[in-house]
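Q: Quick one: this structure, given as structure tokens, is what I'll be asking you about.
The values are calculated or read from the model by the stated rules, or taken from the named source; none is laboratory data. Fair warning: this is a prediction, and the values are worked out from it, not measured in the lab. Virtual Cβ from ideal backbone geometry, glycine too; neighbours counted across all protein chains shown.
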Amino acid sequence: MKKANTKVSRLTKELLETAEDLRASGILEKAVHEKITMRHKAGARPAQVSFTGKEIKNLREKCRLSQAVFANYLNLTAGYVSQLERGAKRPNGPALVLLDVIRRKGLDAIL
């Protein structure tokens, strides 16, 4: 089994230093800086996203969609969306990613 390369390259070090300088000068927003550093630091993993049934229902209602239409946008069945909203099941995989995108950027981001 090959060991993961944990050594940070010179280019990565320079990139992180530049990003830090841009952040300190106010040119780079905090969220963008964190995204850059997470991508380039060894072993960094994105935060886990989760949704409760109530959050999913509120998200759907905020978009003013029925369960059937919301399910169609997510490429799911209406029954599965119902189970998610009741908390009988938890979203995972592509459905979880799409729900997170809708929460962060709105429904138009997936249309």
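Q: Need the failing condition index for Lys62 against (1) under 15 Å from Glu85 (Cα atoms); (2) among the charged types (D, E, K, R); (3) at pLDDT below 85, just the number.
A: In the conditions (1) under 15 Å from Glu85 (Cα atoms); (2) among the charged types (D, E, K, R); (3) at pLDDT below 85, Lys62 misses (3) alone.
Q: Now a separate question. Residues of segment 1-34 being at pLDDT below 80 and of a type in the set (Lys, Arg), which ones?
A: Listed by number, the residues that qualify are Lys2, Lys3, Lys7.
Q: Of the residues Ser82, Ser9, Ser50, which is crowded, with 16+ Cβ neighbours inside 10 Å and of a type in the set (S, T, N, Q)? Before you say what the answer is, go through the steps one by one.
A: Values: Ser9 fails: crowded, with 16+ Cβ neighbours inside 10 Å; Ser50 fails: crowded, with 16+ Cβ neighbours inside 10 Å.
Within the list Ser82, Ser9, Ser50, the selection yields Ser82.
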